[in-house]
Amino acid sequence: MADPAPLGPLSVAESPEAKFREFLEIRGEKLTEPRRVLVRHIFDSHKHFDADELVADLRTAGRQVSRSTVYRTLRLLVEANLLRELRLTNRTAYEHDYGYPSHDHLHCTECNAVVEFRNDAITQLRESVSREHGFRPVGHRFIITGICPACTRARSPRRRLDLI
Ligand SMILES: [Zn+2]
Ligand SMILES: [Zn+2]
C-alpha cells in the first residue's frame, strides 16, 4: 500500500530507537538485534503498513526477522507510543505516532489507499464534547471509509464516456 504522507515529521529530541530502548529497560527487557533492525526499518519512512506487508518488506530488504518477532515488536511499539494502530475495515495497519503530527484518515475500501488529512474542526469537536462530559481527551479515532476518486472513475465507465 504505497500512499503519500503529506504531513512533515516533527523534530524530536530522542531517536525512536533510544525511546524504545528506554521503554524496554523499564520493563526489564532488552533492545535485541532483531528489534533494533525492526525499529530502524520502520522509522526509515512514514507510511501505513500492516504486519504482513512489513514481513514482506523486510524479506525484500534482505533482513532476517521472524514473523513472531515482527508481531510481538509491533505490539510493543504501540504500547511504547512509538506506533499508532489503525483499525481499518479489513485489517490493522500501523504508522508512526512518535515524531509525527496528529491527523485523521480516509480509507478506500476498494484499493486500500489511506489518505491523511488534518482538520481543526475535528479537534474542536473533540474538545467541546469532552468538556461537556468532563473528560480529559488524550486522543481519538476518526476514519472516513469510502471509494477514492480513481476507484470511482474505474467503476463507472459510463460517466467516463459522458466526459468525452
Ligand atoms: Zn481506491
Ligand atoms: Zn496516517
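Within segment 57-144, considering only strands (runs of 3 or more DSSP E) that don't extend past its boundaries, which have at least 3 residues that are of a type outside the set (A, V, I, L, M, F, W, C) and under 29 Å from residue 14 (Cα atoms)?
Numbers: elements: 83-87, 92-96, 104-108, 114-117.
By residue number, 83-87, 92-96.
Go through (1) under 22 Å from residue 107 (Cα atoms); (2) within 15 Å of the chain's Cα centre (by Cα) one by one and return the number of the condition residue 76 breaks.
Result: residue 76 fails condition (1) only.
For segment 75-86, state whether one or more residues are surrounded by 11 or more Cβ atoms within 10 Å (Cβ to Cβ) and in contact with a Pro (Cβ under 8 Å, 6 or more places away or on another chain).
Checked against the condition, which is being surrounded by 11 or more Cβ atoms within 10 Å (Cβ to Cβ) and in contact with a Pro (Cβ under 8 Å, 6 or more places away or on another chain), segment 75-86 yields at least one hit.
Does segment 2-24 include one or more residues that are more than 20 Å from the chain's Cα centre (by Cα), among the charged types (D, E, K, R), at pLDDT 95 or above and not assigned by TED's automatic domain parsing to the domain that holds residue 146?
Yes - at least one qualifying residue is present in segment 2-24.
Please tell me if residue 118 is surrounded by fewer than 14 Cβ atoms within 10 Å (Cβ to Cβ) and in the same structural domain as residue 141 (by TED's automatic domain parsing). If you could, list the steps in order and put the result at the bottom.
On the way: surrounded by fewer than 14 Cβ atoms within 10 Å (Cβ to Cβ): yes; in the same structural domain as residue 141 (by TED's automatic domain parsing): yes.
For residue 118, the condition - surrounded by fewer than 14 Cβ atoms within 10 Å (Cβ to Cβ) and in the same structural domain as residue 141 (by TED's automatic domain parsing) - is met.
Could you say which residue among 82, 58 is aliphatic (A, V, I, L, M), out of contact with any His (no Cβ under 6 Å at 6 or more places or on another chain) and within 16 Å of ligand 2 (Cβ to nearest atom)? Explain how you work it out, then say what you get.
Values: 58 fails: within 16 Å of ligand 2 (Cβ to nearest atom).
Residue meeting the stated conditions: 82.
Go through segment 98-138 residue by residue and tally those that are in contact with a strand residue (DSSP E or B) (Cβ under 8 Å, 6 or more places away or on another chain) and within 16 Å of ligand 1 (Cβ to nearest atom).
So the answer is 10.
Looking at 80, 93, which is the one that is within 30 Å of residue 30 (Cα to Cα), out of contact with any Gly (no Cβ under 8 Å at 6 or more places or on another chain) and within 16 Å of ligand 1 (Cβ to nearest atom)? Even if it seems obvious, please write down each step before you answer.
Working: 80 fails: within 16 Å of ligand 1 (Cβ to nearest atom).
Of the residues listed, the single one that is within 30 Å of residue 30 (Cα to Cα), out of contact with any Gly (no Cβ under 8 Å at 6 or more places or on another chain) and within 16 Å of ligand 1 (Cβ to nearest atom) is 93.
Looking at (1) loosely packed, with under 15 Cβ neighbours inside 10 Å; (2) within 17 Å of residue 86 (Cβ to Cβ); (3) not basic (Lys, Arg), which is the only condition residue 46 fails?
Of everything listed in (1) loosely packed, with under 15 Cβ neighbours inside 10 Å; (2) within 17 Å of residue 86 (Cβ to Cβ); (3) not basic (Lys, Arg), residue 46 misses just condition (1).
Just to be sure before I move on: is residue 109 under 21 Å from residue 44 (Cβ atoms) and either under 22 Å from the mean Cα position of the chain (by Cα) or of a type outside the set (A, V, I, L, M) (or both) in the structure I sent?
Working: under 21 Å from residue 44 (Cβ atoms): no; either under 22 Å from the mean Cα position of the chain (by Cα) or of a type outside the set (A, V, I, L, M) (or both): yes.
In short, no.
The values are calculated or read from the model by the stated rules, or taken from the named source; none is laboratory data. No experiment lies behind these values; they were computed from the predicted model shown. Don't worry about glycine lacking a Cβ; one is built from the backbone with ideal geometry, like all the others, and counts go over all protein chains shown.
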